[in-house]
Structures are given as structure tokens and as C-alpha cells.
Amino acid sequence: MNQEKVIVIDFGGQYNQLVARRVRECNVYCEIYSYKTDIEQIKAMNPKGIILTGGPNSCYEEGAPTYTKELFELGIPVLGLCYGAQLMMHVLGGKVEKAPVREYGKTETFVDKSSALFGDVSENTIVWMSHFDYISQVAGGFKIIAHTADCPVAAAENKDKNLYAIQFHPEVLHTQEGTKMLFNFVRNVCGCSGTWKMDAFVENTIKEIREKVGDGKVLLALSGGVDSSVAAGLLSRAIGKQLTCVFVDHGLLRKNEGDEVESVFGPNGQFDLNFIRVNAQDRYYEKLAGVTEPEKKRKIIGEEFIRVFEEEAKKIGAVDFLAQGTIYPDVVESGLGGESAVIKSHHNVGGLPDYVDFKEIIEPLRDLFKDEVRKAGLELGIPEHLVFRQPFPGPGLGIRIIGEVTAEKVRIVQDADAIYREEIAKAGLDRSIGQYFAALTNMRSVGVMGDERTYDYAVALRAVNTIDFMTAESAEIPFSVLQTVMSRIINEVRGVNRVFYDLTSKPPGTIEFE
């Protein structure tokens, strides 16, 4: 992109893609690179600013991820976050040690408002801490600009060299004024003008797709969810009938969803593309029989997706590219964002088999978070009811059913989830909650219905609020709504006698159950 940019250097933490998301929120284009990227390559990019991310290591240990001291001598503003802050101090002559008191969670922090980072931030603010080590002595030329009760150096700056170190995580929502701090860095310290907009992304991506595909044929895995729908919209705008969308009904969709997807993307729909529906329910149930381990279920479902696509590609003839709706959270949670640990495999990323029978994979949304995908969808003219549709995981209900997947369990989840979504919409909450769904636990318990003893399943209701799907808080649904949902599920869904509401935030949980 021929515009100003900020570079994020990744040291392997779980929030790293979120740093880039927050920078883009400030309308500044941002790219992420591993700490193994050569300094000459960084210089050639001519970034307006550099941000060093968190990571799981101790910077003073042998073999820990590091970077050359030259990075801090380029005259480019540098912001170190958590591990990045510690590494900055360590490389420049400060001291980092094991902290006498570990800090984790929301922490009151006192900031120096004279700093360029904190000018419009409250003097006492809540931040998200997560560290075992601490900066016991700042490097020469640095001034301490924030502290907590247990952390003497919560932030420090070398104003003359535009070097800033923050011990906490401004990129997560738990840090109340974190976006302000990052805005102050990229817009005020780095001097970025904020020209990165979604219309530019859409137009550039369409151009790139046309150049890459040429006169080739593209096969897209279309689920009807937000990600694959926007990917289809981008590809359709770029190459029209050169795109074939294969919709695999694996029997793990929401109630009536297969027919709804076909009505939008099929022959009578609004998109200029080729649409194929494959009814593969029995095939999936057979493959998943007896499988209870979450990662194995994901791998099986991902494997079958590719096998089905290969079969359809052979029927179509020569297919040059496989397109996927992979987005940033898929990549980071699959452990492909720098040095990040694997949280779970996604069918678009970690669940792919080694052998894929296509020349190349196209992932036009790989650099976007969910809210950015929605913005791109609106820019493409995709109807709002599709753009703001509830997120749905690639492996479908297979990961909302704890334990073995069977047709009977799928029926239970589909019916319970349909009731839940209907009541949420009736209450006018469907656009104010980030994501909500019903899942089937593997717990059965005794109940009483109609004076008879039952021994049936428990359904768990999940609802979270989130901007980026990297962090999330449980949504506060009115108790009366939950009571109505509970009553309807127990009375209308055969095989259920208990309903739970999941209050877990992310972290420590994930949004999906498996």
C-alpha cells in the first residue's frame, strides 16, 4: 500500500493481532512482522512508527526473542508493550527482573498527563496487566510516566528519541482508555494523518484479485456466514462467473439455514456467481461417530471440507484457486501469528490437510477483524441482514456439541438455538449483543416433567459483547428474557431438562465452547 504505515513486530503473545486492529481503528494502515524480520527490511518499509508486542518469554533469558539495538536508533518512534517494553529496557541498558508480585487483571494505574501518550487520559485509569517480570530500573534517558501499587514502572518514555514503554496492554478492551493511548502514539507521536479507510481496502483488494486470478477459475467455500459472504462479494465484484461457490451442507448448520443460504446465493439470488449445494450430512455424521476430542472434531470437519471441494472441483474441471473467508482471529488462534501458541485449530487455517488439490489459496479477508469484515460488506453493497448476521464457526454445531456429534444432538441444538435467537430478537437485543447461541453440554441430569422422572441433557446459553472477538465480556440479558428462553426450550425441545447461562469472559474462556 502506497501510504503511511505503522509496523507491529510480533514477539509471540496472544493479543498481537489486536494491536494491529487498534492501530487500524485510528485509520492508520498497519502490517505485522515477526521479530525475526531483518532490520534492513524494516528500514526499507519506511514506517511512521513501530510497535513491539507482548510475548510469553523473559527477555533476559538465553534464547528469548530479541531485536537489534539499531531498531531504537533509526529515528522512528517506537512503542513497546508488555514484553516489548521490557525488551526495550533490557536492550538499552535498563534492568528487568522477576517481579516480587505478579500482576494479572484489571489494575488501577496512575499516569503522568504531561506525557504525549497520556495527555487526554484520566490521571487514575484502569489497565489490563499480565506479567511475571517487571522493569526494576529504566534505561538511561528514560523517565517513569506511570505506576501502580505493585509496579513502579508501568510506563516510561525517552521523549527526545520518541521511545515509549508500556508494561500493560492498551490494546485490550479491559484497559479503559487504551485506544486513546494508541491513538496518541500513532497520530500524535508518529504524526500519521489517518488516511486508511475501508473503501480503499475494498478497491485495492478487488484490483489485487483481478491481477492474481487473471482468467483462472476460483472455488470458494461458502457457508453463508459473514466472512464467506463478504469474500464471495469481493470475488464476485472482481471476477464474476469465474467464481464458483460451493456450499457444503454438513448437517451442522443452524435450523433451516441450508435453505436460507441457497435463497440468497443460489440461481435466484443477487450475486453474479456459480452456486453449487452439496448435501453431505450423512458423510459428516459417519466421520464424526464416536469422536469426542475437540481438536480431532475440528480436523475431521476441515478435512472433509477440502475433500468435498476437491470432488466438486473435478466435476467442474480445471480450478486454479481455492478461496477462503479466513480472518485475523482465525490466524492468531491457530498459532500462525508469529510465535503464538495454538488455542484451537480453525477449519480455514489449522484444520487444513497438508495436501490441497489446487494451485493456490486466496484469502482476501485474512488481514481483517470481524467488525472490519462487516464494514467491507457494507462497502460492497451486501444487505445489512447478511452483514450483521450472527457469527457462526466453520465447524458449525460440531463445536457447540460437547462430546460425540449425532443427528439427535444436532436436532436438540438447532431447536434450542432457534428459540434463543427468536426471543433475543423479540426483546430487541439482536443488534446490541455481539454474539449469542445455544450449545449442548455433555451433562445429563435428573429432572421432573409432568410428574415423571427425566434424565436429559443441559443446554448452555452463551451471549457476549465484543468489538474484535479477541476479547469479550458476558452480555447482561434481562432475567425475564432468560426465563422465557429457558421455559420454551425445556417445554419445546425434546431431550432437554436444564438450561444454563454462561458468564465466562474471554480471556480466560473462548467464545465458542470447543
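The values are calculated or read from the model by the stated rules, or taken from the named source; none is laboratory data. Bear in mind that the values here come from a model prediction, so they are computed numbers and not experimental data. Note: ideal-geometry Cβ built from the backbone for every residue, glycine included; neighbour counts use all protein chains shown. SASA here: full protein model, heavy atoms, side chains in, ligands and nucleic acids out. Shrake-Rupley method; radii C 1.70, N 1.55, O 1.52, S 1.80 Å.
Proximity of backbone amide H atoms, modeled 1.01 Å from N, is registered between Glu360 and Leu322 at under 5 Å, excluding neighbours fewer than 5 places apart on the same chain. Here the gap between Asn188 and Arg444, fully extended at 0.36 nm per residue and compared with their Cα-Cα distance, gives a gain of 86.5 nm. Rounded to the nearest 10 degrees, the inclination of helix 370-379 to the longest alpha-carbon principal axis of the chain is 70 degrees. Tell me which residues come under 5 Å, amide H to amide H, from Ser136 once H is placed; ignore anything under 5 positions away on its chain. Under 5 Å from the amide H of Ser136 lie the amide H atoms of Lys95, Val96, Glu97, each far enough along the sequence or on another chain. The distance separating the Cα centre of the stretch 42-70 from that of the stretch 391-409 comes to 40 Å. Converting phi to 3J(HN,Hα) with the Karplus coefficients 6.51, -1.76 and 1.60 and the offset θ = phi - 60°, the stretch 211-217 yields 5, 6, 7, x, 9, x, 9 Hz in sequence order, with x at every glycine or proline. May I ask you to list the residues of the stretch 469-501 whose amide nitrogen lies under 20 Å from a point 7 Å from Cα along the Cα→beta-carbon direction of Ala425? Under 20 Å, as judged by backbone N against the label point of Ala425, lie 477-478, 481-490, 492-493 of the stretch 469-501. Here the relative contact order of the chain, from alpha carbon pairs under 8 Å that lie six or more residues apart, stands at 12 percent. Around the amide H of Tyr501, modelled in the peptide plane, lie the amide H atoms of Leu461, all under 5 Å away and 5 or more residues distant in sequence or on another chain. Note on Lys315 and Asp120: with the Förster distance fixed at 51 Å, the Cβ-Cβ geometry gives a FRET efficiency of about 0.30.
The label point for Gln3 and the one for Glu97, both projected 7 Å from the Cα toward the Cβ, are 4.7 nm apart. Hey, what angle do you get for helix 16-25 against the long axis of the chain, alpha-carbon based, 0 to 90 degrees rounded to 10? Taking Cα atoms only, the helix is inclined about 80 degrees. Averaged over residues, the count of other Cβ atoms within 10 Å places the peptides 442-448, 87-93 in the sequence 87-93, 442-448, highest first. Peptides 454-464, 36-46 ranked from most to least packed by the mean count of surrounding Cβ atoms within 10 Å: 454-464, 36-46. In this Cβ point-charge picture (+1 for Lys and Arg, -1 for Asp and Glu), the stretch 448-514 has a dipole of about 120 debye about its Cα centre.
The length gained on full extension between Tyr104 and Glu404, counted as 0.36 nm times the residue separation minus their Cα-Cα distance, comes to 104.4 nm. If I model a spin label at Glu473 and Thr66 as a point 7 Å from the Cα along the Cα→Cβ vector, what separation in nanometres do I get? Once both label points are built, they end up 4.0 nm from each other. Segment Glu293..Gln137, full-extension length gain: 51.5 nm, with 0.36 nm per residue of separation and the alpha-carbon distance subtracted.
Among the DSSP beta bridges whose two residues both lie in the chain, what percent are antiparallel, rounded to the nearest 5?
Numbers: 36 of 76 bridges.
Counting only bridges with both partners in the chain, antiparallel ones make up about 45 percent.
Temperature 4 °C, viscosity 1.567 mPa s: under these conditions the Stokes-Einstein estimate for the chain, based on its Kirkwood radius over C-alpha pairs, is 53 µm² per second. Using θ = phi - 60° in the Karplus curve 6.51 cos²θ - 1.76 cosθ + 1.60, the 3J(HN,Hα) couplings for the stretch 157-171 round to 9, 10, 4, 5, 9, 6, 10, 9, 10, 10, 6, 8, 10, x, 7 Hz; x is entered for Gly and Pro.
Once the other residues with Cβ under 9 Å from the Cβ of Gly447 are scored (Lys, Arg +1; Asp, Glu -1), what is the net sum? List each step's numbers first, then the result.
Working: positive: Arg453, Arg498; negative: Asp456.
With Lys, Arg at +1 and Asp, Glu at -1, the net is +1.
Surface analysis of the chain yields an accessible area of 40 Å² per residue, using protein heavy atoms and a 1.4 Å probe. Applying the Karplus relation 6.51 cos²θ - 1.76 cosθ + 1.60 with θ = phi - 60° to the stretch 281-288 yields 3J(HN,Hα) values of 4, 4, 4, 5, 4, 5, 5, 8 Hz, where x marks Gly and Pro.
Based on DSSP, what percent of beta bridges with both residues in the stretch 57-172 are antiparallel, to the nearest 5? Working shown, then result.
Values: 21 of 25 bridges.
Roughly 85 percent of the beta bridges in the stretch 57-172 run antiparallel, per DSSP.
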